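The values are calculated or read from the model by the stated rules, or taken from the named source; none is laboratory data. Every value quoted in this text rests on a predicted model; they were computed, and no experiment measured them. Positions of Cβ are generated from backbone atoms using ideal geometry, with glycine treated the same way; all protein chains shown enter the neighbour counts.
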Amino acid sequence: MELPESTPRRRARPLRCITRCLVVIGIVAAATCAAASDWGMGAANSRLAPPDMFNPVSTPAYDIETLAWFAIAVCAGIALVVGALLAYSIIRFRSRAGDEEREPPQVYGSNPIEFAWTVVPLLIVFVLILTTARTIYTVEAAIAPPNAIRIRVIGHQWWWEVRYPGLKIVTANEIHVPVSDPAHPTPTFLDLESADVAHSFWVPRLAGKTDVIPNRRNTMWIEPRRPGVYLGQCAEFCGTEHALMLLRVVVEPRAQWDQWVAAQQKTAAASSDRGRRIFESTACVNCHTIKGTVADGRFGPDLTHFMSRETIGSGAAMNTHDNLRIWIKDPAVIKPGALMPRMNLSDADIDAVAGYLESLH
Amino acid sequence: MEQEIALSAREQAELPLLGRLHEWVVTVDHKRLGLMYIGGGLLFFVVAGLQAVMMRLQLAVPDNHLVPPQVFNRFLTMHGTAMVFLVGMPILTGYFNYLVPLMVGARDLAFPRLNSFGFWLWFFGALLLYFSYIGGDGLYGAGSAPDVGWFAYAPLTERAFSRGNSTDYWILSIFLTSVGSTATAVNIITTAFCMRCRGMTLGKMPVVVWLAVVVAFMMLLALPPLSAAQVMLLLDRFAGAHFFDTQAGGSALLWQHFFWIFGHPEVYILVIPVFGFASEIIPVFSRKVIFGYQVMVAASIAIAFISMGVWAHHMFAVGMTPAGNAFFATSTMLVAVPTGIKIFNWIGTIWGGKIRLRVPMLFSLAFLFQFMIAGLTGIMLAVAPFDWQLTDTYFVVAHFHYVLIGAIVFMIFAASYYWFPKATGRMLNERLGQVHFWLFLIGFHLTFDPLHFAGIHGMPRRIYTYQPGRGLEGLNLIASIGAVIQALAVLVFVINVVYSLAWGEEAGPDPWDAWTLEWSTASPPPEYNFAVEPEVYSRRPLWDLKHPDDPDWLYE
């Protein structure tokens, strides 16, 4: 009845299969790669450091990183000890050939040993709970100092509306904040709301994520210490284009941020060219606002300072002339499922509208 | 009596194909219903698994256009929903259906007709979910299958955001399969409490049966909130109620609470049965009695209790108060203590044994390693501030696939190799089993080990594409290759089942030299299970029979 024990030779067979599979899959993947397109995001994203939570630049993310390393160290320690014990017992107690006649001694349990491996985990858990609770309170119970920057971020399907209530600035998908000097901290406090379904605001290098839930106002804060552009993304499934609901946080030295604020507070240059007439006489104005014009829609992103943003479609593509033309012609090419419809403009009209939008600095 | 049975057996053999199929449809036999649950579950396992492979192909390279976003979102919803309600639940209740009466020495479950009713509710509920691909459009032409994610966060499921009928199919399907599961739960509890054979006190029940009872109680407690929430959502969608309709003042968080009050115990409803399988298979292949029987059972009951109070650890990022977050972090970490006890006791069982590395044991040993890792990443997720970074990323996806595949599916395969001879009278082929095991092990690790790091590198879950230049390309390509290898491994398993059914080695009643009651009857067992009611004196009746000079009841 007893079949012979498996031998290493027998295991070599699946490995050969796997090698073959790898080759086939590699070819398929390469072919798909060739068919994939890229709206200039590869180069753009490569310039940004990956949104890696273990490379923090802001206070809550620092706190989380410290705690995370502690938790990882504890878990890795447990994994090593238990894994080694398990591996040892498997190797040590394998049945040897010719030794199958007698059953091994039967051991039904041992109270002292079982007591020990109940108490030790309890102690470890106790320590982890205390450190966890401390960080929870440090991050969540923080109170905004009077000089904190206040921002309202409103999640939409599938873009971010960004409002600076005190500064009367409305923008989208790219948040500018000043760097915070540890000597005179100027943290940024964000109120998070949603216009439709649940989203989640997540810029890993600045802070953990906070859900953006309709009918509810959540708050979170960041205190970035280093200037730079930090990539973020919606982290709660919110429908068709959840994947392309990205955002960028631009952390600037205070002086540069003040300049950005001043520029954003101006209304757009009032040109009266053809592109503007087309924009104002089509359905564009139902959804978009351009301050200083008749366009005052609230459903889509505010375009008053469109050219101050690096990307279009909430980070779906770089804000280049070609991408902008494709977007105006048919947003679904770049972001299938996006709620902006095709406007059915002629090529000449598209050029004119693109030209107008590109004048909105 | 004997004559009658012989007659019905002969009649059955002579029935034409249609007649034999009819026998399966009208059956109330726990073994047939159990096999139908398992067979149906495996069917959906293949379907939902292929949907996962499609998703992995789409994510193999950045900016891929293989699967359009909405189709991808349907895949992820159907994959998740099907794997929980159409695969995990039926396969595990199928095993309980099959094993519980045999293991307690009964002739059937307490309520055979209720059992059949439960199965057919599950079966048609399951069909309803996939029927949405045909019927989900409704009058709106608004898309076929549901695309709201398996936990379907409100208000994405409301009429305003989910037109057509796809979400309604999702609601009704889950509602029906839950009713079916409730029927099974009632049956298992009654059978285990009232129909044990002579001599089998509660303290002598096999661990599998104990855990079946624990899981049955959990189903009775956890499924009603889910069903209630589904009814409320249906009222929202059809009767203008506003439970979750945020545009009319409803609460999106209410749905999350309802769902996870069900959803977290559900994880344990899926994993505790495989603890039971491990507690049968590891002792038999180590040739040792389970180490610390009482503690193993007590730890499972403790896990069941604690798991009822941990649901909001799925919601650390929704903006709970610090006290709320600390409470749920604490309760979640406490689960680690009884879980640790179980792992140590399994090691204690192996220690000093004579391990036979047959296929069921290979899967069980891989389960031990993978379940330990899954538990430890679970502790990392329970550290609430760490979770603010990790939640809703691929780290979570990797973590729960370590539980659902690394632990549950591995143990389901172990149980399949272990009990297949009992159910069919034939052994599964050992050599194909080895190929299956190694392919599946390698594929599993290629897929899910890199995904932990994809999550740490900022890859949210449920995205149909990602952009190049973010350091995610290599990890995702490896994961996709692993997914294909896993699919090949499952193909090997299917081939093995088909091959062994026809040409497998004859098993005999007790091929593994095991100790519980099911191995004392023929393989496959006759319809009445046992010709005479067995009488037991210890937890391992067959050990006592095989070792009359050294029986268990002297020591227990």
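Name every residue in the stretch A:207-231 that is surrounded by 20 or more Cβ atoms within 10 Å (Cβ to Cβ), among the small types (Gly, Ala, Ser) and touching a strand residue (DSSP E or B) at 6+ places or on another chain (Cβ under 6 Å), in order of residue number.
A:ALA207
Counting residues that are acidic (Asp, Glu), which strands (runs of 3 or more DSSP E) fully inside the stretch A:124-195 reach at least 1?
Ranges flagged: A:159-164, A:174-178, A:188-194.
Looking at the stretch B:302-327 only, could you name the residues that are facing chain A (nearest Cβ under 8 Å), free of Cβ contacts under 8 Å to residues at least 40 places away in the same chain and among the small types (Gly, Ala, Ser)?
Residue satisfying the conditions is B:GLY319 alone.
Can you tell me which of (1) within 27 Å of A:SER194 (Cα to Cα); (2) surrounded by fewer than 16 Cβ atoms within 10 Å (Cβ to Cβ) is the one A:ALA317 doesn't meet?
Checking A:ALA317 against (1) within 27 Å of A:SER194 (Cα to Cα); (2) surrounded by fewer than 16 Cβ atoms within 10 Å (Cβ to Cβ), the one that fails is (2).
Residues checked against (1) buried (at least 19 other Cβ atoms within 10 Å of the Cβ); (2) more than 22 Å from A:ALA332 (Cα to Cα); (3) within 14 Å of another protein chain (Cβ to nearest Cβ); (4) free of Cβ contacts under 8 Å to residues at least 40 places away in the same chain:
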{"position": "A:GLN259", "(1), (2), (3), (4)": "no, yes, no, yes"}
{"position": "A:ALA263", "(1), (2), (3), (4)": "no, yes, no, no"}
{"position": "A:SER281", "(1), (2), (3), (4)": "no, yes, no, yes"}
{"position": "A:GLY292", "(1), (2), (3), (4)": "no, yes, no, yes"}
{"position": "A:GLY297", "(1), (2), (3), (4)": "no, no, no, yes"}
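Scan the stretch B:63-89 for residues that are more than 17 Å from B:TRP150 (Cα to Cα) and more than 7 Å from chain A (Cβ to nearest Cβ) and report the count.
Adding up the residues that qualify gives 1.
Would you check if there is a residue in the stretch B:194-212 being in contact with a helix residue (DSSP H, G or I) (Cβ under 7 Å, 6 or more places away or on another chain) and over 26 Å from B:ILE91 (Cα atoms)?
Yes, some residue in the stretch B:194-212 is in contact with a helix residue (DSSP H, G or I) (Cβ under 7 Å, 6 or more places away or on another chain) and over 26 Å from B:ILE91 (Cα atoms).
Show the residue pairs meeting these rules: Cβ distance below 7 Å; 6+ apart or different chains; first residue within the stretch B:284-301 and more than 8 Å from chain A (Cβ to nearest Cβ) and over 12 Å from B:ASN345 (Cα atoms); second residue basic (Lys, Arg) and part of a loop (DSSP other than H, G, I, E, B).
Filtered contacts from the stretch B:284-301: B:PHE285/B:ARG356; B:PHE285/B:ARG358.
Residues checked against (1) assigned to a loop (DSSP other than H, G, I, E, B); (2) of a type in the set (Lys, Arg); (3) closer than 23 Å to A:PRO50 by Cβ; (4) assigned by TED's automatic domain parsing to the domain that holds A:ILE312:
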{"site": "A:GLU236", "(1), (2), (3), (4)": "yes, no, yes, no"}
{"site": "A:THR240", "(1), (2), (3), (4)": "yes, no, no, no"}
{"site": "A:ALA243", "(1), (2), (3), (4)": "no, no, yes, no"}
{"site": "A:VAL250", "(1), (2), (3), (4)": "no, no, yes, no"}
{"site": "A:TRP257", "(1), (2), (3), (4)": "no, no, no, no"}
{"site": "A:TRP260", "(1), (2), (3), (4)": "no, no, no, no"}
{"site": "A:GLU280", "(1), (2), (3), (4)": "no, no, no, yes"}
{"site": "A:VAL285", "(1), (2), (3), (4)": "no, no, no, yes"}
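Which of the residues spanning the stretch B:132-185 are in a helix (DSSP H, G or I) and modelled with pLDDT under 85?
Matches in the stretch B:132-185: B:ILE134, B:GLY135.
Being out of contact with any Pro (no Cβ under 9 Å at 6 or more places or on another chain), facing another protein chain (nearest Cβ under 9 Å) and of a type in the set (Gly, Ala, Ser) is the filter here, so list the residues in the stretch B:341-365 that pass it.
B:GLY348
Got at least one residue in the stretch B:205-226 being within 14 Å of chain A (Cβ to nearest Cβ), crowded, with 18+ Cβ neighbours inside 10 Å and assigned to a helix (DSSP H, G or I)?
The answer is yes, given that some residue of the stretch B:205-226 is within 14 Å of chain A (Cβ to nearest Cβ), crowded, with 18+ Cβ neighbours inside 10 Å and assigned to a helix (DSSP H, G or I).
Look at A:ARG254 and say whether it is in contact (Cβ under 8 Å) with a residue 12 or more places away in the chain, farther than 27 Å from B:ASN73 by Cα and more than 9 Å from chain B (Cβ to nearest Cβ).
Answer is yes for this residue.
If I ask for residues that are over 24 Å from the mean Cα position of the chain (by Cα) and of a type in the set (A, V, I, L, M), which ones from the stretch B:423-464 would you list?
Those that are over 24 Å from the mean Cα position of the chain (by Cα) and of a type in the set (A, V, I, L, M): B:ALA454, B:ILE456, B:MET459, B:ILE463.
Where residues in the stretch A:205-220 are in a loop (DSSP other than H, G, I, E, B) and not basic (Lys, Arg), which of them is farthest from the other protein chains (Cβ to nearest Cβ)?
A:LEU206
Can you give me the number of residues within the stretch A:326-340 that are touching a residue at least 24 places away in the same chain (Cβ under 8 Å) and more than 30 Å from A:VAL203 (Cβ to Cβ)?
Number of matching residues: 0.
Given (1) in contact with a helix residue (DSSP H, G or I) (Cβ under 8 Å, 6 or more places away or on another chain); (2) surrounded by fewer than 23 Cβ atoms within 10 Å (Cβ to Cβ); (3) within 10 Å of another protein chain (Cβ to nearest Cβ); (4) touching a residue at least 40 places away in the same chain (Cβ under 8 Å), identify the lone condition not met by B:VAL267.
Single failed check for B:VAL267: (3).
Could we say that B:LEU18 is in a helix (DSSP H, G or I), under 20 Å from B:ASP147 (Cβ atoms) and either over 15 Å from the mean Cα position of the chain (by Cα) or at pLDDT below 95 (or both) here?
Against the criterion (in a helix (DSSP H, G or I), under 20 Å from B:ASP147 (Cβ atoms) and either over 15 Å from the mean Cα position of the chain (by Cα) or at pLDDT below 95 (or both)), B:LEU18 does not qualify.
Please go through the stretch A:43-68 and pick out each residue that is within 7 Å of chain B (Cβ to nearest Cβ) and part of a loop (DSSP other than H, G, I, E, B).
Listed by number, the residues that qualify are A:PRO50, A:PRO51, A:ASP52, A:MET53, A:PHE54.
Looking for something of a type in the set (S, T, N, Q), farther than 30 Å from B:VAL295 by Cα and crowded, with 22+ Cβ neighbours inside 10 Å - is there at least one such residue anywhere in the stretch B:516-528?
No, every residue in the stretch B:516-528 fails to be of a type in the set (S, T, N, Q), farther than 30 Å from B:VAL295 by Cα and crowded, with 22+ Cβ neighbours inside 10 Å.
Surrounded by 12 or more Cβ atoms within 10 Å (Cβ to Cβ) and either at the interface with another protein chain (Cβ under 8 Å from one of its Cβ atoms) or in a loop (DSSP other than H, G, I, E, B) (or both), is that true of A:ALA71?
Yes.
Just to check your reading of the model, which residue among A:VAL81, A:VAL127, A:VAL139 is facing another protein chain (nearest Cβ under 8 Å) and under 36 Å from the mean Cα position of the chain (by Cα)?
Just a single option satisfies the conditions, and that option is A:VAL139.
The rows are residues; the columns are (1) within 11 Å of chain A (Cβ to nearest Cβ); (2) at pLDDT 95 or above.
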site	(1), (2)
B:PHE410	no, yes
B:SER416	no, yes
B:TRP419	no, yes
B:GLY433	yes, yes
B:HIS436	yes, yes
B:PHE440	yes, yes
B:HIS457	yes, no
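Before we move on, is B:PHE161 away from every other protein chain (no Cβ under 14 Å) and either over 23 Å from B:PRO265 (Cβ atoms) or more than 17 Å from the chain's Cα centre (by Cα) (or both)?
No, not satisfied.
Kindly indicate whether any position in the stretch A:283-299 is out of contact with any helix residue (DSSP H, G or I) (no Cβ under 9 Å at 6 or more places or on another chain) and over 26 Å from A:VAL261 (Cβ atoms).
Checking the stretch A:283-299: at least one residue is out of contact with any helix residue (DSSP H, G or I) (no Cβ under 9 Å at 6 or more places or on another chain) and over 26 Å from A:VAL261 (Cβ atoms).
Does any residue of the stretch A:330-349 turn out to be buried (at least 20 other Cβ atoms within 10 Å of the Cβ) and either β-branched (Val, Ile, Thr) or not in a loop (DSSP other than H, G, I, E, B) (or both)?
yes
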